[in-house]
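Structure first, then comments.
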Amino acid sequence: MKKNNYIYLYNDNFLSLLTLIKTLWQNKIIPANIKNSNYQQNLFDAVINLSLKEDDQLIKDIQKYLSKEILKTMFYVYLSENPQKELILFYFFGYSVKYKNKVFYYRNITVIDKVLKICKYVSNESHKLKGFVRFRELQNKVLYAEIAPSNNVLILLSQHFKNRLKNEFWIIKDVNRGILSIYDKKEFYLVSEENVNVATLNSTKEELVEELWQSFYKTIGIKERKNDRCRQNFMPKKYWKYILEVSDEL
């Protein structure tokens, strides 16, 4: 394979990234870097946008030689905020083609070890937030929650709550990224906050419920057994702002 000095751009979605990575490997090109189309290039960057066609058939083709487990791992890395995730996935793709599912056992290879660590980090954050999301009822009876995750895990949480709260209308907002997940009792849709206006005033019932919940939380606590360090191990402080029962402790 031949390495060049170009930065290759892809549309800001996983399918587009897979299409680009597959194309580069087929043409035996090792890029200097890979960035999404929102990348702020500087004066000295040599940038190429191949404008490749994104085809759902690509996933089916890739699954002929990459397992669902490998693709899931790659998707979790894509959801991370690692600044070099695209280039890491490019090299991991090559190792996956070579080693198939055995790739997970080659942790002595730096890129593979990085991928597995990033994947675990994203998975752990998603799992924690499934328990930390606090919905409140709005005046229109829609359930609403705000989160501020380190990684872009809103789609993972949405899939969870689609099954968990399938008979409710709900909205989850990723405050850090300005993205909302809106569920209509059938499907959820990820939209930019710029494209939707949500009135987030609590219902009268919600005000009472929140007051009762905070009172209950403080009442059951045993002052003599309070252990802030232990609590933060299970409930990291970076999530407290949107957790009703502890938000007033910040």
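Quick rundown of the values:
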quantity	calculated
Number of the exception - Val77 against (1) touching a strand residue (DSSP E or B) at 6+ places or on another chain (Cβ under 6 Å); (2) under 23 Å from Leu15 (Cβ atoms)	(1)
Residue ranges of helices (runs of 4 or more DSSP H) in the range 136-250 with at least 3 members surrounded by fewer than 12 Cβ atoms within 10 Å (Cβ to Cβ)	204-220, 228-234
Residues of the range 13-36 that turn out to be loosely packed, with under 12 Cβ neighbours inside 10 Å and either touching a residue at least 24 places away in the same chain (Cβ under 8 Å) or of a type in the set (Val, Ile, Thr) (or both), as a count	1
Number of the condition not met by Phe75 [criteria: (1) at pLDDT below 95; (2) within 22 Å of the chain's Cα centre (by Cα); (3) of a type outside the set (D, E, K, R)]	(1)
All strands (runs of 3 or more DSSP E) inside the range 1-58 with 1 or more residues being closer than 17 Å to Gln84 by Cα and under 25 Å from the mean Cα position of the chain (by Cα)	7-10, 33-36
Residue in the range 180-188 that is in the same structural domain as Glu86 (by TED's automatic domain parsing) and free of Cβ contacts under 8 Å to residues at least 24 places away in the same chain present	no
Test: Phe93 is among the aromatic types (Phe, Trp, Tyr), closer than 23 Å to Leu156 by Cβ, in contact (Cβ under 8 Å) with a residue 40 or more places away in the chain and part of a helix (DSSP H, G or I)	yes
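The values are calculated or read from the model by the stated rules, or taken from the named source; none is laboratory data. Keep in mind that what you see is a predicted model, and the values were worked out from it rather than measured. Every residue, glycine among them, receives a Cβ derived from its backbone with ideal geometry; neighbour counts consider all protein chains shown.
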